[in-house]
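What follows is one structure encoded as structure tokens, with my remarks underneath.
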Amino acid sequence: MSDYNFAYLDEQTKRMIRRAILKALAVPGYQVPFASREMPMPYGWGTGGVQVSAACLVPEDRLKVIDQGADDTTNAVSIRRFFEKTAGVATTTKTTEATLIQTRHRIPEEPLTRDQILVYQVPIPEPLRFLEPRETETRKMHSLEEYGLVHVKLYEDIARHGQIATSYAYPVKVEGRYVMDPSPIPKFDNPKLESEAIQLFGAGREQRIYALPPYCHVVSLDFEDHPFVASKADHACDLCGSNSTYLDEVIVDDAGGRMFVCSDTDYCEGRRAAGHLGRLAAPLGQENAA
Amino acid sequence: MYVAVKGGERAIENAHSWLAEERRGDVAVPELGIAQIREQMALAVNRVMAEGSLYDTDLAALAIKQARGDLIEAVFLIRAYRTTLPRFGASLPVDTGEMRCDRRISATFKDAPGGQVLGPTFDYTHRLLDFKLAADGEVPPAAQAKPQEGPVPHIAGFLNRDGLIQTEAPSDEAPPDLTRDPLEFPANRALRLQALTRGDEGFVLGLAYSTQRGYARNHAFVGELRIGRVAVEMELPELGLAIEIGEVELTECETVNQFAGSKTEPAQFTRGYGLVFGQTERKAISMALVDRALRWRELGEDNLAAPAQDEEFVLSHCDNIQATGFLEHIKLPHYVDFQSELELVRRLRADTEALHEAAE
Amino acid sequence: MDQAVMSGGFVDPPIQSAWAFRAAMTAMARPGEIVTVDGGSAPAPVSVAASVLLLMLCDPGTPVWLASSHDSAALRRWIAFHTGAPVVQTKEQAVFALGKWDRLCPLAAFPVGTAEYPDRAATLIVEMDELQPEGAVLQGPGIKGSARLNLPDVAVFRANRALFPLGLDFFFTCGDRLAALPRSAVVTAAGGSV
């Protein structure tokens, strides 16, 4: 443990964040303003998620932190170490063992359960921001449920490209009321937003917290003749062979060679441990010898 | 055969120790002391205190040392430390009329009670590299005068006596606290000034400069610029009185700007205001100009859609810790969202190619 | 200051607040689910669960309104000592309110938020004689299918739901147990009639 308070934040700050989380759960998809604190890591690097996690953690938690689906990306490592040090909680890379998962840009492949909390790091919480930069305007739009602008944008996509050209941070409507930014997850993950777990979204620099309670109704915006499709690269994972997971593309040589691997590293390892092998996989355990 | 990249943890550790080594530099060169930075890099220390919103010269010097001289990084260290400090209470407003001035100039009057005091300024130095400093920084003692006794009245006060400048309505309303409440628009002047005083010097300077070049021009005279030390007092409810708990160095700038008025209201000059920790006069003057530009609504001026008039634009982007964090975060991995775009672009291209082929 | 005022707070605030919050968050995220808490005891007649909520959520920035069923000099001192929250005279000022259902009603004066800031709404802590997963039927976010809870009323909560996204949010407390009803929940009377 360290000289800092449990989970770093002082009690006053945690109380303020906890009140915001409760209101966020009561009004799903609505962005609750909160007095985000300056954290010892830069804005844009997960300060919102870290503050939400800090307000939620209990000593018995088992924390998993992923960035781009992976536990060993540097910022995930850094945030995991922060909580090991300041909250003394156990950590894991296994999705099924985690009680609280902080994530950036992905929802784990393994369906989450009712005993889990998923905390998202959010860069720009406002789904209308790139259509209207002013907070004073977008706040009014949400209050009036005036979402024509989003539909216009999606429709312009169709006019220009023949399809909706938004592939991540794909806007959703929550419980038929608020349009919400699911954070920059690939739209492949959007269907997983309807979950048994509690999902909390923290945007530190933009000072907003929002939430999806379990079993919340979440609809990706679309048009009748251009329905939403949760697409992904048309490949199987070259390590575990799965053809139903979101994939990272890896350039393997300078002659155009590439391979596709699960972005969810824990899921991929689990499949390989269970004997599934992809096109280019080394049997598990022999990696260091390779 | 493919092996996934691992070892983020070791990479981070190694990066940190390399960084520490680089910070120290050549060990044959004596290490920089905190006192040296505090005394000889005082203006850097002042900037870090101002934008870090924490008045502590030693901590600011330490932050500069740790940040290898990157002042925004140093401001960040101070901010992150500052938020962990318990809050015992609020001091009383400082009285800059009681300031013990090291420098006090007015551009609007040749002379005024309290006099013009040039003080330790770069203003009339010729910007010639002083190669003597490379060898020997020792200086002969400067001439000394007896400090002035008693308060130094504000220049604006003289104008005010004749009703020539618009007066500020006194208010006992507790000012909002940028560090404790989420930013909300419209912002009142107290909140705007709070944001500006800890805003990035370069950003505030650029905005101020833009007003001078015609983007919401409000021609500003430096009515007064003063730098000096003021007492900080705090009320102790147990004792029922205010006691002095220390003093801080401040730079205060009050500008006299073009007048407002109408057929029914007599013409009056207007004001812009800047108040910043330490000797930071570029920042204080800039702040006063931007403050004045942001006051267009209350002074009944037109919105010229100039950046410096737009409080949402100014307040949302003046904080360099927010800005640098978000800017630099784009170097973090974005494989996932990039992959989704990549896949989309490939699909769109495939669709177009199919169309072309069908047309041929 | 007397012992009753000083006692009844958290012994280990960072940890006990964290546990209390997880329980309260579970309740708010899963309307109707009953959870158990401990570690707080305000002067009678405040339940353990309500005491824990006050300790975990209140501070000088959150005015509390006390219904006549619970208002007492001892409780006011306890709240001031442990949380610093101001006890206010009018429902309009309340961020939190505590009391028996019939003394909290009518609810019309409590803030329900604004169209631009629906979060600026009061949270009511309703002390109950019993808390059982039976009676009124709850549906909505956080609920798989439906849940049941012995709510003290139905029409009031339906009227509250009609204000959505504005509205009040509720905790129901009994002994060391609590449940919640966010404004998003749709309530129908047991048996289906309204």
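The values are calculated or read from the model by the stated rules, or taken from the named source; none is laboratory data. None of these values were measured; they are calculated from a predicted model. Here Cβ is always computed from backbone atoms with ideal geometry, including for glycine, and neighbour counts include all displayed protein chains.
Scanning the range C:106-150 for residues that are in contact (Cβ under 8 Å) with a residue 24 or more places away in the chain and closer than 19 Å to C:F164 by Cα yields a count of 18.
Kindly indicate the residue of the range C:41-63 that is within 14 Å of chain A (Cβ to nearest Cβ) and in contact with a strand residue (DSSP E or B) (Cβ under 9 Å, 6 or more places away or on another chain) and also nearest to C:Q93 (Cα to Cα) among those meeting that condition. Please lay out each step first, then the result.
Step one: filter the range C:41-63 for residues within 14 Å of chain A (Cβ to nearest Cβ), giving C:52-63.
Still in the list and also in contact with a strand residue (DSSP E or B) (Cβ under 9 Å, 6 or more places away or on another chain): C:52-54, C:57-58, C:62-63.
Working: C:V52: 22, C:L53: 19, C:L54: 17, C:L57: 16, C:C58: 14, C:T62: 9, C:P63: 7 Å.
Only one residue fits best here, namely C:P63.
Of the residues making up the range C:138-194, those that are part of a loop (DSSP other than H, G, I, E, B) and within 19 Å of A:K23 (Cβ to Cβ) number 14.
So C:Q89 fits all but one of (1) assigned to a helix (DSSP H, G or I); (2) polar (S, T, N, Q); (3) away from chain A (no Cβ under 14 Å); (4) over 18 Å from C:L131 (Cβ atoms); what number is the exception? It is condition (1) that C:Q89 fails. Of all residues in the range B:257-269, exactly one satisfies the criterion of being part of a strand (DSSP E or B) and either among the acidic types (D, E) or touching a Lys or Arg at 6+ places or on another chain (Cβ under 7 Å) (or both), namely B:N257. Of all the criteria given as (1) within 14 Å of chain A (Cβ to nearest Cβ); (2) in contact with a Ser or Thr (Cβ under 8 Å, 6 or more places away or on another chain); (3) among the aliphatic types (A, V, I, L, M), the one not satisfied by C:A97 is (1).
Selection of the range B:266-279 for residues being over 18 Å from B:F221 (Cα atoms) and in contact with a strand residue (DSSP E or B) (Cβ under 7 Å, 6 or more places away or on another chain) yields B:V276, B:F277, B:G278, B:Q279. The set of residues from the range C:14-25 being within 18 Å of C:V48 (Cβ to Cβ) and either surrounded by fewer than 19 Cβ atoms within 10 Å (Cβ to Cβ) or small (G, A, S) (or both) comprises C:I15, C:S17, C:A18, C:A20, C:A23, C:A24. Of all the residues in the range A:126-146, those that are within 13 Å of B:P186 (Cβ to Cβ) and away from chain C (no Cβ under 14 Å) number 0. Selection within the range B:311-330: residues that are more than 7 Å from chain A (Cβ to nearest Cβ) and of a type in the set (A, V, I, L, M). The member of this set that is farthest from A:S78 (Cα to Cα) is B:V314.
With the condition kept exactly as written, say whether any residue in the range C:59-74 is in a helix (DSSP H, G or I) and buried (at least 23 other Cβ atoms within 10 Å of the Cβ). If you could, list the steps in order and put the result at the bottom.
So in the range C:59-74, the residues in a helix (DSSP H, G or I) come out as C:73-74.
Cutting the leftovers down to buried (at least 23 other Cβ atoms within 10 Å of the Cβ) gives us none.
No - not one qualifying residue is present in the range C:59-74.
Have a look at B:I155, B:I165, B:I78, B:I105 and point out the one that is among the β-branched types (V, I, T) and in the same structural domain as B:E51 (by TED's automatic domain parsing).
Values: B:I155 fails: in the same structural domain as B:E51 (by TED's automatic domain parsing); B:I165 fails: in the same structural domain as B:E51 (by TED's automatic domain parsing); B:I105 fails: in the same structural domain as B:E51 (by TED's automatic domain parsing).
That would be B:I78, the only listed residue that is among the β-branched types (V, I, T) and in the same structural domain as B:E51 (by TED's automatic domain parsing).
The residues of the range B:63-110 that are in contact with a helix residue (DSSP H, G or I) (Cβ under 7 Å, 6 or more places away or on another chain), on the phi < 0 side of the Ramachandran plot and in a loop (DSSP other than H, G, I, E, B), listed by number, are B:A67, B:S106, B:T108, B:F109.
Of these, A:D266, A:D248, which one is within 11 Å of chain B (Cβ to nearest Cβ) and touching a residue at least 60 places away in the same chain (Cβ under 8 Å)? Please lay out each step first, then the result.
Values: A:D266 fails: within 11 Å of chain B (Cβ to nearest Cβ).
Going through A:D266, A:D248 in turn, just one is within 11 Å of chain B (Cβ to nearest Cβ) and touching a residue at least 60 places away in the same chain (Cβ under 8 Å): A:D248.
Matching residues to (1) touching a Phe, Trp or Tyr at 6+ places or on another chain (Cβ under 7 Å); (2) within 13 Å of chain B (Cβ to nearest Cβ):
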residue: A:A24; (1), (2): yes, no
residue: A:V32; (1), (2): yes, yes
residue: A:M39; (1), (2): no, yes
residue: A:Y43; (1), (2): yes, yes
residue: A:G49; (1), (2): yes, yes
residue: A:D61; (1), (2): no, no
residue: A:K64; (1), (2): no, no
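Within the range B:331-360, work out how many residues are in a helix (DSSP H, G or I) and more than 8 Å from chain A (Cβ to nearest Cβ).
Going through the range B:331-360, the residues in a helix (DSSP H, G or I) turn out to be B:331, B:335-359.
The next check asks that each one be more than 8 Å from chain A (Cβ to nearest Cβ); those that pass are B:331, B:338, B:345-346, B:349-350, B:352-359.
Within the range B:331-360, residues that are in a helix (DSSP H, G or I) and more than 8 Å from chain A (Cβ to nearest Cβ) number 14.
Entry remark, the range B:218-242: residues being under 21 Å from B:A156 (Cα atoms) and surrounded by fewer than 18 Cβ atoms within 10 Å (Cβ to Cβ) number 3 in total. Scanning the range B:131-186 for residues that are surrounded by fewer than 10 Cβ atoms within 10 Å (Cβ to Cβ) and of a type in the set (D, E) returns B:D136, B:E138, B:E149, B:D162, B:D172, B:E173.
From the set of residues in the range A:160-191 that are within 11 Å of chain B (Cβ to nearest Cβ) and β-branched (V, I, T), which is surrounded by the most Cβ atoms within 10 Å (Cβ to Cβ)? Ranking the candidates gives A:I185 first. Condition check for A:D225 on (1) within 9 Å of another protein chain (Cβ to nearest Cβ); (2) over 17 Å from the mean Cα position of the chain (by Cα): one failure, at (1). Scanning the range A:98-116 turns up no residue that is at the interface with another protein chain (Cβ under 9 Å from one of its Cβ atoms), touching a residue at least 40 places away in the same chain (Cβ under 8 Å), over 18 Å from C:R22 (Cβ atoms) and among the hydrophobic types (A, V, I, L, M, F, W, C).
Checking each residue in the range A:230-244 for being within 12 Å of another protein chain (Cβ to nearest Cβ) and either in contact (Cβ under 8 Å) with a residue 40 or more places away in the chain or crowded, with 21+ Cβ neighbours inside 10 Å (or both) picks out A:A230, A:S231, A:K232, A:C237, A:D238, A:L239, A:C240. The residue that is farthest from A:Y4 (Cα to Cα), counting only those in the range A:81-96 that are under 18 Å from the mean Cα position of the chain (by Cα) and more than 14 Å from chain B (Cβ to nearest Cβ), is A:T96.
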